[in-house]
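Chemist: Provided herewith is a single structure, encoded as structure tokens, for subsequent inquiry.
The values are calculated or read from the model by the stated rules, or taken from the named source; none is laboratory data. Predicted model only: the values in this text are computed from it and were never measured. Virtual Cβ from ideal backbone geometry, glycine too; neighbours counted across all protein chains shown.
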Amino acid sequence: MTKKISKIVGIDLGTTYSAIAILDDLGNPEVLPSIDNNSRITPSVVYFANNNKAIVGEKAKDAIINEKKKVAREIKREMENDVVFDVSQGAWVKSDKKKEGTYTPSQVSSLILSKLKEYTDNIDKVVITVPAMFAEKARSATMDAAKLAGLEVLELINEPTAAILHYSKIPGVNLNGRVMVYDLGGGTFDVTIANVKGTVINIITSRGDKYLGGGDFDREIVNILNKKYKKQKGAELDLNEKKYQEIAEKIKKVLSLKEETSEVIDGPKGPIKIEITRSEFEKSIQSYIEKTKMLIEEALDDAKCKANQITQTLLVGGSTRVPIVIESLTKIMGKPPVKGVNVDEAVACGAAIHAGLLRKKDLNSNQKKSLDKVELNDVCNYYLGTLVVVTDQQRNLRALANSIIIPRNTKLPCSKTERYTTISDNQEGIDCSVTQSENPEEDKDFVNIIYQGELDLPKGRPAGQPVDVTYSYDQSGVIHVEFLDVNSKKKHEADLRPEGSKSIEDLKDELDFKIE
Amino acid sequence: MNSTVVINQAASGEGIIIVIVIYAIIWAINAFSKSNQEEKIASISKLSLEVDKGKAPERFKLEDVECFNFRLKGWINNSRQDKIKVIIHAYDNTNLEEGEKQGFPLVCTTNYFQDEKSRVFKIQATWDTTADTYLPNWYDFISVPVDSLVPPLKGKRNIMFRIVAGEPSLNSERAFFDDVEIKKILHFSDCFVEHTFKEPGYMDTATNRERVEELSIEIAVAFATADGDLQKKELDVIKKWIVDITSTLEEKKSKERKDALSTILKNSYKDSKAKKISVSSILSQMNEKLSKAQKYEIIELLLSIASSDNKFGKEEDSLLSKIVKKLEVDEVIFANMKNKTIINVDEMETSTSTSEATFGIKEEMTNEEKCKLLRKHYSKWNAQTNSNNAKTKNRAKEMVKLIATLREKYNC
């Protein structure tokens, strides 16, 4: 008897909506509909109901009206933070101590993944997408969430990269030349530039903002509603009320189609009907649009090209439906973006294609044929460096500084070695720190230390002993670091990979929910 | 073919004459070549150094910085080995005493151009060479930013740059070659350049040290009291600074100096309360007496005072910007110092009006320049929204928002 091969699966774990896609027998990605309502996207909302039941999706959203404190949303924005969702407060709070009724972002996310897992059977290995600029800690938390949901993560792939994979396989799109992905989702914004020739994709650069998305647009609408309510009633709305966010999202969707709309807002001094126009909304989100413009400029600079050299602009994410977003993008790029693709599903579909590329030996002949010519070459999204002692030029003092070893946007796989020397006579050891930063920072305060180790050195040697530091970064995101004392051949090595930080027992602690 | 003919003809008497004539011609040609070679050798100059002030050659990537540009020409050979070492130093030869050939060496603020054991200016390189290597044309060797060199005294100085080339083991210590090293020298050349140094020299710094400390306390008190009274935390920062700078002195001197500076602190506070402190007067004295390094130390002290209550206020920000402008320090270095302070405070008062100064936006800039500058800041702060440090991350989010608002204002 042969073991049934598990499905080839990609998951878009979004801030506001999530989606799961599989590769069908012909090798085409197919988004799976929800078992609750047949919808192909599932709200990333979790309702902690009584009797240890966790309700995920549309029904959880509905619970916001009556059980607002038990509903967790925008979990993805908390993935890198040391916070827990406290059901008694209905908010994300600092996780100082373990307390009953509190759940980490990984735990809450795992409930969403578990829900998506229910949409089909025979799932064990998946590719999950993350924003291009997701911090190492957030990637690690995503791995924890998958582990807890009983999923083996083949790889985390950047959302815009997944989207290009999907676009490259759509008949009629014909990607060719320098392509830009404009990915504006519910909570994050990424812009990626790639060289594409058919289905051969070479990523050049990615830039992003983790605090820019449709959720922020909703908050601006709540602010407008509040101002109008206060003007008419003399009282303020509670801006943290989740129900206003839901109303705002509804208004945003209507304003994407109509010039104006109105809603009845129930506040502390009773309900009133408030009218809101598209131009009011557009004015309120101007600073966010400005941020997207800056990131596009940065990405173009990184790719050493001008807007008019971009052959196609691809849209991803539900927030690209806002008209001012398209207008602004068209103005910057000098031409309209590619239309006609489902912007909510592109990322999940791309993730499924990537899962297929990673599991080639598990594919049937049709799937193999379909993915045969697909090739993806990614780059390093961060600067990787180490901390070294340098002389402060201005003050002639010795100080700790960041020295870059692998520059951002270096094509993967890559390996680079830099030579340093010991600074004092009889130096007995060196700190082996691995740093990560988005910019070429020299100041240690502006980098994240993602690994720390020590290398003991032989005693009794003068200063100036050579130490070679080698970083090797492979396609799957594993970074091998080696600190080698050249003369004694003593070395310190480590493999850094985005993997869950906790054991499954720790993760399961206080999480015993039946998913509904 | 011709030579074969000659040999065959040499067998006869007639042929002998022909051979003699040919040898005579060869001799004449050789003699001419030799004298030509001598002429050539004589025409090749010895190793020469030329130094001028101005823009550095493009390949050195030192745009917009006035540099001393070093050029070499002539012999750069070593008849004994396949390598040669060149060392360049600079000496202040202004007003030398009779009989003196070289003055005090210049020091350098950049460690790339420093002696191994001191801050003395030194450029050294070892090159592959042969017995007949020479540079027929002026070769752009290196450029050094003028501002990175510090003479003993400020003002108009006559600088002697000296290049010495010799054995690969050649070395100098604090710009001097001892007898053993002198024997290794194969070539040398001097070049004189006059330059007016605006910053105090290293001897000036030593002479002015005590006055500089006093001025530092005066400006610190003036800065701390600008928003009302001197807060305890602000006072503690100044006191700690006094302890730090006197800690390197021997015990008795340290106590005396600490007492003297404490008196200055008290008097400055009294003067400040009585509105007798003139910030502009202190700053002009500081410009006269402080080196660049000392100016950055003072700015760091002021930043510590500003953030002592874990809050970076608008008033403090505005006054600091004015002080920095008067001290004429590098705005990029100041911006980096300030960023380090900003990320570590709990609260920062921001508004579009004061934050323009925070981001170094000047009225005279075009909108395009302002937008470009803001994007640079955005890149820096947006990256910090990924920081593992929660304080840094929150500050970064505020700064990003502020930058986007300013970009909106300038219609970027």
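Chemist: Kindly indicate which of B:Glu349, B:Glu364 is more than 15 Å from A:Asn439 (Cα to Cα) and either in contact (Cβ under 8 Å) with a residue 24 or more places away in the chain or within 14 Å of chain A (Cβ to nearest Cβ) (or both).
Modeler: It is B:Glu349.
Chemist: Let me confirm something: among A:Glu418, A:Glu327, which residue is farther than 19 Å from A:Pro440 by Cβ and not in a loop (DSSP other than H, G, I, E, B)?
Modeler: So the residue among A:Glu418, A:Glu327 that is farther than 19 Å from A:Pro440 by Cβ and not in a loop (DSSP other than H, G, I, E, B) is A:Glu327.
Chemist: For B:Pro105, state whether it is more than 24 Å from B:Asp64 (Cα to Cα) and either within 14 Å of chain A (Cβ to nearest Cβ) or surrounded by 14 or more Cβ atoms within 10 Å (Cβ to Cβ) (or both).
Modeler: In short, yes.
Chemist: Given (1) farther than 30 Å from B:Arg395 by Cβ; (2) surrounded by 24 or more Cβ atoms within 10 Å (Cβ to Cβ), where does A:Thr142 come up short, assuming only one miss?
Modeler: If we test A:Thr142 against (1) farther than 30 Å from B:Arg395 by Cβ; (2) surrounded by 24 or more Cβ atoms within 10 Å (Cβ to Cβ), just (1) comes out false.
Chemist: Would you confirm whether or not the stretch A:323-332 contains a residue that is of a type in the set (Asp, Glu) and free of Cβ contacts under 8 Å to residues at least 24 places away in the same chain?
Modeler: For the stretch A:323-332, residues of a type in the set (Asp, Glu) and free of Cβ contacts under 8 Å to residues at least 24 places away in the same chain: present.
Chemist: I'm trying to understand the selection: among the residues of the stretch B:175-194, which are touching a residue at least 24 places away in the same chain (Cβ under 8 Å), buried (at least 18 other Cβ atoms within 10 Å of the Cβ) and not small (Gly, Ala, Ser)?
Modeler: Selection gives B:Leu186, B:His187, B:Cys191.
Chemist: Regarding the stretch A:229-237, can at least one residue be identified that is out of contact with any helix residue (DSSP H, G or I) (no Cβ under 7 Å at 6 or more places or on another chain), buried (at least 18 other Cβ atoms within 10 Å of the Cβ) and touching a residue at least 24 places away in the same chain (Cβ under 8 Å)?
Modeler: Yes, the stretch A:229-237 contains a residue that is out of contact with any helix residue (DSSP H, G or I) (no Cβ under 7 Å at 6 or more places or on another chain), buried (at least 18 other Cβ atoms within 10 Å of the Cβ) and touching a residue at least 24 places away in the same chain (Cβ under 8 Å).
Chemist: Here is a follow-up. Only one residue in A:Ile170, A:Ile203 is part of a loop (DSSP other than H, G, I, E, B), in contact (Cβ under 8 Å) with a residue 60 or more places away in the chain and more than 24 Å from A:Tyr288 (Cα to Cα), so which one is that?
Modeler: After ruling out the rest, the residue left standing is A:Ile170.
Chemist: While we're here: With the checklist (1) in a loop (DSSP other than H, G, I, E, B); (2) under 26 Å from the mean Cα position of the chain (by Cα); (3) surrounded by fewer than 14 Cβ atoms within 10 Å (Cβ to Cβ) in hand, flag the one item B:Glu364 doesn't pass.
Modeler: Single failed check for B:Glu364: (2).
Chemist: Here is a follow-up. So, of the residues in the stretch A:339-387 that are surrounded by 20 or more Cβ atoms within 10 Å (Cβ to Cβ) and β-branched (Val, Ile, Thr), which turns out to be farthest from A:Arg408 (Cα to Cα)?
Modeler: A:Val343
Rundown of residues vs (1) within 14 Å of chain B (Cβ to nearest Cβ); (2) in contact with a helix residue (DSSP H, G or I) (Cβ under 6 Å, 6 or more places away or on another chain); (3) of a type outside the set (D, E, K, R), yes/no style:
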residue: A:Ala162; (1), (2), (3): no, yes, yes
residue: A:Tyr167; (1), (2), (3): no, no, yes
residue: A:Gly172; (1), (2), (3): no, no, yes
residue: A:Gly177; (1), (2), (3): no, no, yes
residue: A:Gly186; (1), (2), (3): no, yes, yes
residue: A:Ile193; (1), (2), (3): no, yes, yes
residue: A:Gly208; (1), (2), (3): yes, no, yes
residue: A:Asp218; (1), (2), (3): no, yes, no
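Chemist: Just to be sure before I move on: is B:Ile84 within 27 Å of B:Pro200 (Cβ to Cβ), at pLDDT 85 or above and crowded, with 17+ Cβ neighbours inside 10 Å in the structure I sent?
Modeler: So B:Ile84 fails the test.
Chemist: Say whether the condition of being under 15 Å from A:Val388 (Cβ atoms), within 14 Å of chain B (Cβ to nearest Cβ), touching a Gly at 6+ places or on another chain (Cβ under 6 Å) and among the β-branched types (Val, Ile, Thr) is met by at least one residue in the stretch A:433-451.
Modeler: There is at least one residue in the stretch A:433-451 that is under 15 Å from A:Val388 (Cβ atoms), within 14 Å of chain B (Cβ to nearest Cβ), touching a Gly at 6+ places or on another chain (Cβ under 6 Å) and among the β-branched types (Val, Ile, Thr).
Chemist: If I filter the stretch A:428-437 for residues that are over 32 Å from the mean Cα position of the chain (by Cα), assigned to a strand (DSSP E or B) and farther than 23 Å from A:Ile204 by Cβ, do I get at least one hit?
Modeler: For the stretch A:428-437, residues over 32 Å from the mean Cα position of the chain (by Cα), assigned to a strand (DSSP E or B) and farther than 23 Å from A:Ile204 by Cβ: present.
Chemist: Moving on to the next point. Could we say that B:Asn336 is surrounded by fewer than 18 Cβ atoms within 10 Å (Cβ to Cβ), outside any loop (DSSP other than H, G, I, E, B) and either touching a residue at least 24 places away in the same chain (Cβ under 8 Å) or within 14 Å of chain A (Cβ to nearest Cβ) (or both) here?
Modeler: In short, yes.
Chemist: In the list A:Leu400, A:Leu358, which residue meets the criterion of being within 30 Å of A:Pro43 (Cα to Cα) and at pLDDT below 95?
Modeler: Testing whether each residue is within 30 Å of A:Pro43 (Cα to Cα) and at pLDDT below 95 leaves just A:Leu358.
Chemist: Right, something else. State all residues of the stretch A:377-399 that are more than 14 Å from chain B (Cβ to nearest Cβ) and either assigned to a loop (DSSP other than H, G, I, E, B) or more than 22 Å from A:Ala135 (Cα to Cα) (or both); if no residue qualifies, say none.
Modeler: A:Asp378, A:Cys380
Chemist: Wholly within the stretch B:228-316, which helices (runs of 4 or more DSSP H) include no fewer than the required count, namely at least 2 residues that are within 14 Å of chain A (Cβ to nearest Cβ)?
Modeler: Helices (runs of 4 or more DSSP H) meeting the threshold: B:232-246, B:292-306.
Chemist: Take B:Leu406 and decide whether it is closer than 18 Å to A:Asn439 by Cβ, touching a residue at least 24 places away in the same chain (Cβ under 8 Å) and within 10 Å of chain A (Cβ to nearest Cβ).
Modeler: no
Chemist: Let me ask something else about it. Kindly check whether there is at least one residue in the stretch A:120-132 that is hydrophobic (A, V, I, L, M, F, W, C) and out of contact with any strand residue (DSSP E or B) (no Cβ under 6 Å at 6 or more places or on another chain).
Modeler: Scanning the stretch A:120-132, I find no residue that is hydrophobic (A, V, I, L, M, F, W, C) and out of contact with any strand residue (DSSP E or B) (no Cβ under 6 Å at 6 or more places or on another chain), so the answer is no.
Chemist: Could you look through the stretch A:36-48, keep only residues that are surrounded by fewer than 18 Cβ atoms within 10 Å (Cβ to Cβ) and in contact with a helix residue (DSSP H, G or I) (Cβ under 9 Å, 6 or more places away or on another chain), and pick out the one that is nearest to A:Asp121 (Cα to Cα)?
Modeler: Result: A:Asp36.
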